[in-house]
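J.: Have a look at this one.
What follows draws every value from the coordinates through simple rules; no lab data is involved. The model shown is predicted, which means the values in this text are computed figures rather than measured ones. Every residue, glycine as well, gets a Cβ built from its backbone with ideal geometry; the counts of neighbours run over all protein chains shown.
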Amino acid sequence: MKKQRFIREVKEPRRRVLGMSIAVAAIFLVLLSRLWYLQIIESENLRKLSETNRLRFVPVAASRGAILDRNGKVLVNNTPSFSVAVIPQDVKDKDALLNTLARYLNLDLADLQDKWEKGKGRAKFYPIIIASGITREQMEFLEENRLRLPGLDIEIKPIREYSNGQLAAHLLGYLGEISETELDKETYQSYNPGDYVGKSGIERSWENYLHGSDGGKQIEVDARGRYLRTISETSPTIGNSIVLTIDRDLQKRAEQAFGDKAGAAVALDVNSGEILAFVSNPGFDPALFTGHLPAKQWQAYLDDKRHPLENKALKGLYPPGSTFKIITALAGLQEGLIDENTTVSCTGSYTVGRDTFRCWDKKGHGVVNLKRALKESCDVYFYRLGERLGVDRIAAYAREFGLGAPMGVGLENEKGGLVPTTDWKEKKYGKKWYRGETLPVSIGQGYTVTTPIQLAAMIAGVANDGTLYRPHLVKRVVDPDGRVLKEFPPEVLKKLSLRPELYRKVKEGLLAVVNEPRGTGSMARLYEVKVAGKSGTSQVVKLRDSKGNVPYQYRDHALFVAFAPYEKPEIAVAVVVEHGEHGGSAAAPIVGSILRAYFEGKGVIKSPVPKAGDEQDAGETAGEAVVPENSDSEKVSGN
């Protein structure tokens, strides 16, 4: 009995030792297997994970190319800006981080969350830009609290600097953060969330040239994400610069000439089509759109009845009013229906069937020839001529001068306007064209609408005796080293088929408009340079308050087109003043200011004001222009 108990007492520890040995062996086998798996099977993946945890890629944003005027003066450049980025793999508490940033940077939490979500599809070690343009004080606060905000990073990125404020804002355009829709497009394959791209104007249309290529550097960081050293670096490539045809000083004077009036102006080089000034007034501050546009400012832009966000020079559609009489006159001369001596008796109105069409001068102009009809803007003369021409012939000549279709100036969403024809009305309304509808068209009313850029090209084509150039805004593209990559010479759209002597006959009338008594454009006169032009007033509504109490939005538009010098034209200008009432009193002075600025810049005009003796004469003749000019709102039509 004792022997059996002894044997059991001896075997029990052995069994325990054996069991423990087996357990230990199993554990070691598992550990060895795991070690083998990690060292052999997963070695490459683990190495990559280790490197990723130690190394970090930091993108270095490229500077956009500058935008310069024709003389090399800077219109848009770049300036350094602080941006807030987060590295998703280092963020321990996303909600806490975003809440802290929203509170201390005074940012919208929903906007920060939206940017986080947009960046989630990328590598976790790639920074997501969630705020741009922070102040130095905000940047210092974040740096001081970086240890409490894991995953936070501060980047220095170049942003657009609009040192000239609102100057040429509609032309230059503005930047905005790239959208998801844009990121999906092939054009933007090299872009990243948080990048800024052109949204309008030159910034958008020439994005491919202006946008550089981002660089980056691979850095080593410690466990807390602090910088240790740079492993490798790729320098960013600066974008190319765009040299415009615009003259900055002329642009500034043109915008100043408008004051607080709404409207547009385009000045062209008559012999090349280069756009010297491109005005849409009022403007806006493009710098606001690059950062976070305050809601109050956005609402103020929307509420402004002058529509500051609309590019009026390119997209504004206006009846050309009596400036269109230039086309009607040339058509009549070319078709042999009139010559410079053909006369018409104006009694103040003209009747076709049951419809009566009035002249702006209700008393009538009496007997007028072509020169006087242009000078005093006699409507009856052109009613009669337009009736004989017919709408289709008028339309054909209008299209010869570039009206009714986009000019192709190189900016997005250019409007083409409308020159009506019998076929157009049949297709549009399913109705035939009536004889009485031609009369308003002959003086630039009815269905006819044009853009300021088209009117500038039209008067330039008249000034140079029939060569229609494509208006363009860019002279050349230059790389960061100053090498010219691309140049844009003048482009002739067409040589008009009119007989050369006909232009002289019309231009004599346009010279009289500005320089002779009772001319409707005397307020565009310069005393050192001969100016030729034509005024116009276009209806907004047919019926008006007989007492003259017309709300702003229903007042007539004022227009004026001109060129100078008369003997050897260099510059053509078209101006539209929205709801300005009369072309001779509202638009002509702006044209005069633009022309004066141009010739002062060339040194042709030395004095900014006329002599004392001439000032009295200017006031007298200017008074004549204010007296009822060709106010197309005076017309009555039964159509």
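J.: How much net charge surrounds D303 when only the other residues with a Cβ under 15 Å from the Cβ of D303 are counted, with Lys and Arg +1 and Asp and Glu -1?
T.: Local net charge: +1.
J.: Let me ask you something else. Arrange the following residues from fewest to most other Cβ atoms within 10 Å of their Cβ: R525, R136, R34.
T.: With the sparsest Cβ surroundings first, the list reads R136, R34, R525.
J.: Work out the FRET efficiency for R435 and D260 from their Cβ-Cβ distance, taking R0 = 45 Å, and round it to the nearest 0.05. Don't jump to the answer; show the numbers that get you there.
T.: Working: r = 43 Å, r/R0 = 0.96.
According to the calculation, E is roughly 0.55.
J.: Using r as the Cβ-Cβ distance of Y301 and I22, and R0 as 51 Å, what FRET efficiency do you calculate, to the nearest 0.05?
T.: The formula returns an efficiency of 0.05 here.
J.: Length gain on complete extension for the stretch R388 to E340, per 0.36 nm per residue less the alpha carbon to alpha carbon distance?
T.: 15.6 nm
J.: Can you check what the net charge comes to around Y196, using other residues whose Cβ is under 14 Å from the Cβ of Y196 (Lys, Arg +1; Asp, Glu -1)?
T.: Taking every other residue near Y196 into account, the sum is -2.
J.: How do the peptides 246-258, 186-198 rank, highest first, by the average count of neighbouring beta carbon atoms within 10 Å per residue?
T.: Taking the mean over residues of other Cβ atoms within 10 Å, the ranking is 246-258, 186-198.
J.: Now a separate question. Report the FRET efficiency, 1/(1 + (r/R0)^6), for N145 and V550, where r is their Cβ-Cβ distance and R0 is 51 Å, rounded to 0.05. Write out the running numbers ahead of the final one.
T.: Working: r = 61 Å, r/R0 = 1.19.
Here the calculated transfer efficiency is 0.25.
J.: Can I ask one more? Taking the alpha-carbon centroid of each part, what is the distance from the range 250-279 to the range 439-493 in angstrom?
T.: Computed from Cα coordinates, the inter-centre distance equals 13 Å.
J.: Can you tell me the order of 498-511, 300-313, 554-567 when each peptide is scored by its average per-residue count of other Cβ atoms within 10 angstrom, highest first? Working shown, then result.
T.: Numbers: 498-511: 18.1, 300-313: 16.1, 554-567: 25.3.
Going by the mean number of other Cβ atoms within 10 Å, highest first, we get 554-567, 498-511, 300-313.
J.: Oh, and also: Would you tally the net charge around E501, using a Cβ to Cβ cut-off of less than 14 Å, leaving E501 out, and scoring K and R as +1, D and E as -1? Provide the component values of the computation, followed by the final result.
T.: Working: positive: R499, R504, K505, K507; negative: D339, E340, D465, E508.
That sum, taken over residues with Cβ under 14 Å, equals 0.
J.: Here's another thing I want to ask about it. Per-residue counts of other Cβ atoms within 10 Å, averaged by peptide: what ranking do you get for 232-239, 205-212, 579-586, highest first?
T.: Top to bottom by mean Cβ count within 10 Å: 579-586, 205-212, 232-239.
J.: Roughly how many nanometres apart are two label points built 7 Å out from the Cα toward the Cβ at T347 and K427?
T.: Result for the modelled spin labels: 4.1 nm.
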